[in-house]
1. Could you point to the residue in GLY182, THR241, SER229 farthest towards the positive end of region 158-275's charge dipole, with +1 and -1 charges on the Cβ of Lys/Arg and Asp/Glu respectively?
2. Residue by residue through region 153-158, which ³J(HN,Hα) values in whole Hz follow from phi under the Karplus form 6.51 cos²θ - 1.76 cosθ + 1.60 (θ = phi - 60°), with glycine and proline marked x?
3. What shape does region 29-187 take by its C-alpha gyration tensor, where a ≥ b ≥ c are the square roots of the eigenvalues and a/c under 1.5 counts as rounded, a/b above b/c as prolate, and the rest as oblate?
4. Rounding to the nearest 20 debye, state how big the charge dipole of region 38-160 is about its Cα centre with +1 on each Lys and Arg Cβ and -1 on each Asp and Glu Cβ.
5. Rounded to the nearest 20 Debye, what is the dipole magnitude of the chain about its Cα centre when Lys and Arg each give +1 and Asp and Glu each give -1 at the C-beta?
6. According to the square roots a ≥ b ≥ c of the eigenvalues of the Cα gyration tensor, what is the shape class of region 70-153, taking rounded for a/c under 1.5, prolate for a/b larger than b/c otherwise, and oblate for the remainder?
7. Would you kindly derive the ³J(HN,Hα) couplings of region 194-208 from the backbone phi angles with the Karplus curve 6.51 cos²θ - 1.76 cosθ + 1.60 (θ = phi - 60°), listing them in order in whole Hz, with x for Gly and Pro?
8. If you take the beta carbon distance between SER283 and THR47 as r and set R0 to 41 Å, what does 1/(1 + (r/R0)^6) give as a FRET efficiency, to the nearest 0.05?
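The values are calculated or read from the model by the stated rules, or taken from the named source; none is laboratory data. Just so you know, these numbers come straight off a predicted model, no measurement behind them. Here the Cβ is made from the backbone with ideal geometry for all residues, glycine too, and neighbour counts use every protein chain on show. Surface accessibility is based on the protein's heavy atoms, side chains included, excluding ligands, DNA and RNA. Shrake-Rupley method; radii C 1.70, N 1.55, O 1.52, S 1.80 Å.
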Amino acid sequence: MVIGAAAVLAVAGCSSKSTSNSAGGGSGTGLSIKSLVQIDSQGKAVTQTGTAQAADPAGDGKAKCAPTTAIAMAGALTGANSALGINIVDGVKLAVQQHNKANPDCQVQLKPFDTEGDPQKASQVIPTVISDQSVTALIGPAFSGETKATGQIISDAGLPALTSSATNASLTKNGWKTFFRGLANDDLQGPSVAHYLTGAGGFKKICVVQDDSDYGVGLAKSVIAALGSSADESCAAQVKTGDKDFSATVSKLSAAKPDAIFYSGYYAEAAPLVEQLHSAGVSATFVSDDGTNDPQFVKQAGDSSKGALLSCPCGPAPDSFATAYKALNNQEPGVYSVEAYDLTTIVLKAIDAGKVTRPEVLDYVRNYDGQGLARHYKWDSTGELSNALIWMYQVK
């Protein structure tokens with residue numbers, strides 16, 4: 001079953017006015033990713049929280065701090081999925097810029113670290129972050145695999161680590177003391193998306209394809225469990241990160257004739273996969289996750305991406321944020337940009353309150369309770385948000 005934007009909006013009970021999560025053309029097609037509806041764990045539409053009371057990184061302009069005070073960001077700034085890391089660091093950059101412009105006596109430094117999104121590389125980079133005592137907090141790590149590989153040493157070092165993007169549910173089950181997730185995890189995303197697809201979407205037969213990353217495997221497991229009998233085991237497939245030829249998988253999916261295909265992974269593989277599905281005449285609706293929810297997916301897949309449904313625990317960018325972000329970074333905000341901005345704002349508020357050591361920032365974040373642009377931020381003892389929801393988007 002292929003459903004158009006109007007049908008999705010109508011059945012979800014959402015306004016037809018959509019907001020760009022991340023604008024990006026697809027080989028001159030003019031396609032972009034538009035938000036459709038915010039959903040709960042049962043796939044039901046939920047009204048978006050207002051952003052009028054969102055914390056402002058500028059503060060009152062009276063902050064004072066040492067010129068060496070810094071915030072670090074760690075994630076993929078180069079490599080196949082670098083757009084996701086760049087979205088994050090650019091969100092951090094905007095918050096720091098707005099803060100520093102308003103607070104001449106507290107010029108916080110931003111120190112970005114490139115992990116290439118690779119756990120092994122991150123294991124080499126993170127010790128450098130930890131050893132830099134000017135770094136009061138880390139925005140990151142960005143991906144689940146690199147977070148899994150470095151979370152314990154970050155925790156042992158007492159460095160507050162606020163991730164705007166690592167969604168693997170197991171990360172908060174390791175006993176880490178300094179990890180805070182700024183969005184919903186995959187154990188919430190999976191059921192929310194699954195129930196949305198079988199409810200509002202009306203899909204009866206869904207094939208689930210997953211990559212071999214910690215993120216892709218974990219999310220696929222969650223989606224399959226919630227789909228129940230709607231997940232057709234006979235057409236389930238696995239691919240490897242870095243793959244570009246999906247002919248065997250495409251043949252399997254084509255023969256199955258599903259209503260929808262859910263891909264659990266990142267845009268670097270999702271783009272060629274959806275292109276090859278389109279070329280093979282597969283008409284099933286392509287559905288994917290926050291790892292795919294980026295303008296690069298649209299750019300690389302072109303017309304083949306049209307109509308794709310994309311989930312994300314990330315919220316769409318408010319207009320004022322998008323304007324400021326584009327003015328600074330010369331591109332539209334993307335997936336995780338708003339969350340990165342919000343989390344950086346929280347750290348900046350700690351610094352402005354005189355909390356400049358790692359233990360002080362950690363205590364501030366642990367007890368934080370406030371509204372951001374994307375959502376309300378308050379964490380439980382494991383570093384999970386007390387309340388988090390999922391958004392559905394569509395390429396159109």
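1. GLY182
2. Each residue of region 153-158 in turn: 6, 5, 5, 4, 7, x Hz.
3. Taking the square roots of the gyration eigenvalues as a ≥ b ≥ c, region 29-187 is oblate.
4. Values: 8 positive and 11 negative charges, 38 e Å.
My answer is approximately 180 debye.
5. Numbers: 30 positive and 37 negative charges, 105 e Å.
Computed charge dipole of the chain: roughly 500 debye.
6. oblate
7. 4, 5, 5, 5, 7, x, 4, x, x, 7, 9, 10, 10, 9, 9
8. Result of the calculation: an efficiency of 0.80.
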